[in-house]
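Structure first, then comments.
Read the figures in this text as sums done on the coordinates, not as results from a lab. All values derive from a computational prediction rather than experimental measurement. Virtual Cβ from ideal backbone geometry, glycine too; neighbours counted across all protein chains shown.
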Amino acid sequence: MRAVIRGVLGAASVVVGLALVVVSIDEGHVEWRLVALLLSLWGAWSFFGALLESVVEPLGRFLGTALTGGAMSGGSTITIDDETAMLERLLDADPPPPRHRTVLAGIRLAEIYRTHQHDAAKAEQVIARLVARYPDAPELAYVRPR
C-alpha cells in the first residue's frame, strides 16, 4: 500500500517538477502555483508515509495476528505447559469461575492431558471431576456419553 501511494505521489511530483521547469523557462519567471503544488505533493508523500508506517501497518499486523492466531507481539508465546498450569489453577480457583467457563477449561485440560501428555487416566479424572461437580452440564455430554 505504501508503494502504491508513494508511486502515485512520486509520479505526480515528477510531472509537476518537469512542468515547473518547462513553464519557468518558457515564461521567464517562476510559476509559484506549480512550486506550491510540488511542495504540497512532497508534504503529502511525507505525511502518508509516516501515517502508514506508524499507524496503519502496526494496526494491520495486530489485527492480522489476532484474527489468524499468529505470534503475540513482543515475541511472547504461551507454551502448552503455561496453558496447562493456567487451566489447572482455573479449575482449583476459590471461588470457582462461572460453570460454563469451568467446564470448558476442564475439557481443554483433559484434551491436553490426553494428547500432549499421553495420560488418558489423568484426562478421565478431570472429566469425572467435572461430571461430579456439574452433572447437568450439556457440554459434558459430548466428552463422555452418559
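In degrees between 0 and 90, to the nearest 10, how far off the longest principal axis of the chain does helix 32-51 point, with axes built from Cα atoms?
10
May I ask you to sort 115, 84 by Cβ crowding, counting other Cβ atoms within 10 Å and putting the fewest first?
Final ranking by Cβ density, sparse to dense: 115, 84.
Specify the inter-centroid distance of the stretch 28-42 and the stretch 107-146, based on alpha-carbon positions, in whole Å.
Here the answer is 74 Å between Cα centres.
Calculate how steeply helix 80-91 sits against the longest principal axis of the alpha-carbon atoms of the chain, using the helix alpha-carbon long axis, and give the answer as 0 to 90 degrees to the nearest 10.
In the chain, helix 80-91 runs at an angle near 60 degrees to the longest axis.
To the nearest 500 deg cm²/dmol, what mean residue ellipticity at 222 nm is calculated for the chain from DSSP H runs of n ≥ 4 alone, each contributing -39,500 (n - 2.57), summed and divided by the residues?
The helix-only estimate for the chain comes to -23000 deg cm²/dmol at 222 nm.
Sequence gap at least 6, Cα distance under 8 Å: using those rules, report the relative contact order of the stretch 1-145 to the nearest whole percent.
Once divided by the residue count of the stretch 1-145, the mean separation gives 14 percent.
Restricting the calculation to Cα positions, tell me the Rg (one decimal) and the Dmax (whole number) of the chain in Å.
For the chain, the Cα radius of gyration and maximum Cα-Cα distance read 30.9, 95 Å.
Which whole-number percent gives the relative contact order of the stretch 2-73, counting Cα pairs below 8 Å spaced six or more residues apart?
Values: 34 pairs, mean separation 23.9, N = 72.
Reported relative contact order: 33 percent.
Explain nothing, just the number: relative contact order of the stretch 9-48, from Cα pairs under 8 Å at least 6 residues apart, as a whole percent.
Rounded, it is 52 percent for the stretch 9-48.
For residue 31, what residues show an amide H to amide H distance below 5 Å, using hydrogens built from the backbone and excluding near sequence neighbours?
24
Taking the 0 to 90 degree range and rounding to the nearest ten, how far is the long axis of helix 99-115 tilted relative to the main principal axis of the chain, both from C-alpha atoms?
90
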